[in-house]
Amino acid sequence: MKLYESAPAPSARRVSLFLAEKGIEIPRVQVDTRGGENVTAEFKAMSVNGKIPVLELADGTAISETIAICRYLDAAFPSDHHLFGDTPLAIGKVEMWNRIAELQGLFPAFQAFRNITGVFSDRERCVEAWGEESKQRVEEFLPVLESRLSVSTYLAGEHFSVADITAYIMCSFIAKIDIHIDETYPAIQAWQASLDQREASWQSTPVKVLEKGFNR
Ligand SMILES: N[C@@H](CCC(=O)N[C@@H](CS)C(=O)NCC(=O)O)C(=O)O
């Protein structure tokens, strides 16, 4: 099993935090996305969306999409640490909050960053107005997050879940579009601080084998 990633990228960090929480280590290959390694025909032959992260299994099967990778890992390495919930109600709530955090927070943040900065204008059309609109949607989502975290320890309830990983990554990524979690958001700040203290090492990426470059 190999994980193709670009370690500092937010989608790669989501998988890294999931792995750290589960205590799983897998070999990783660093893909230079800014340099366009992920848009080569070779990479696209493996990765259906042409993006990182991609998990390649021993038989060559490739799984794209962050949450699909996390779900695969969760099933392949069963443990009592249930990041997708462990009861029908918990599973439903985790799914709900993870989708809300993605659809209303993280993905608009990606759109804002990409369309405002034009970082990937070598491979996609960038529409600055769409970037600004997306940024505003992120700003409008923060009060939703604040109000949820002011009544709940974690996003989906009293247990830490993959939804917290998604929202946490969003909250740190938005600095790139000049949105900051300041004192207007005390509940978000307290939740961020508590996640920074988690036992699983969130600050360092556990890397077993670090290869540079995409060589198949
Ligand atoms: N929906 C995908 C998004 C993945 C994604 O946007 N990956 C970015 C890095 S965070 C990437 O590969 N960017 C390079 C590019 O778009 O060419 C997922 O959740 O895995």
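Which one is surrounded by the fewest Cβ atoms within 10 Å (Cβ to Cβ), of the residues in the stretch 47-80 that are modelled with pLDDT of 95 or more and over 20 Å from the mean Cα position of the chain (by Cα)?
Ranking the candidates gives Asp59 first.
Suppose the filter is crowded, with 17+ Cβ neighbours inside 10 Å, closer than 17 Å to Ile169 by Cβ and small (Gly, Ala, Ser); does Ala112 pass it?
Judged against the criteria, Ala112 is a match.
For the stretch 1-31, give me the residue count where each residue is within 12 Å of the ligand (Cβ to nearest atom) and loosely packed, with under 13 Cβ neighbours inside 10 Å.
So the count comes out to 1.
Restricting the first residue to the stretch 64-92 and requiring it to be in contact (Cβ under 8 Å) with a residue 40 or more places away in the chain, which pairs with a second residue that is acidic (Asp, Glu) and within 16 Å of the ligand (Cβ to nearest atom) meet a Cβ separation below 7 Å and a spacing of at least six or different chains?
Once the first residue is in contact (Cβ under 8 Å) with a residue 40 or more places away in the chain and sits in the stretch 64-92, its partners that are acidic (Asp, Glu) and within 16 Å of the ligand (Cβ to nearest atom) give Leu83/Asp74; Phe84/Asp74.
Name the residue, out of Glu124, Glu133, that is within 16 Å of the ligand (Cβ to nearest atom), under 30 Å from Asn38 (Cα atoms) and at pLDDT 95 or above.
Every option except Glu124 fails the conditions.
Just give me the residues in the stretch 164-203 being free of Cβ contacts under 8 Å to residues at least 60 places away in the same chain and either among the basic types (Lys, Arg) or farther than 25 Å from Ser134 by Cβ (or both), in sequence order.
Pro186, Ala190, Ala193, Ser194, Asp196, Gln197, Glu199, Gln203
Of the residues Thr117, Thr66, only one is closer than 17 Å to Asp164 by Cα, within 16 Å of the ligand (Cβ to nearest atom) and of a type in the set (Ser, Thr, Tyr); which?
When all the criteria are applied, what remains is Thr66.
The values are calculated or read from the model by the stated rules, or taken from the named source; none is laboratory data. It should be emphasised that the depicted structure is a prediction, and the values quoted were computed from it without experimental measurement. All Cβ positions, even for glycine, are placed from backbone atoms using ideal geometry, and neighbour counts span all protein chains on display.
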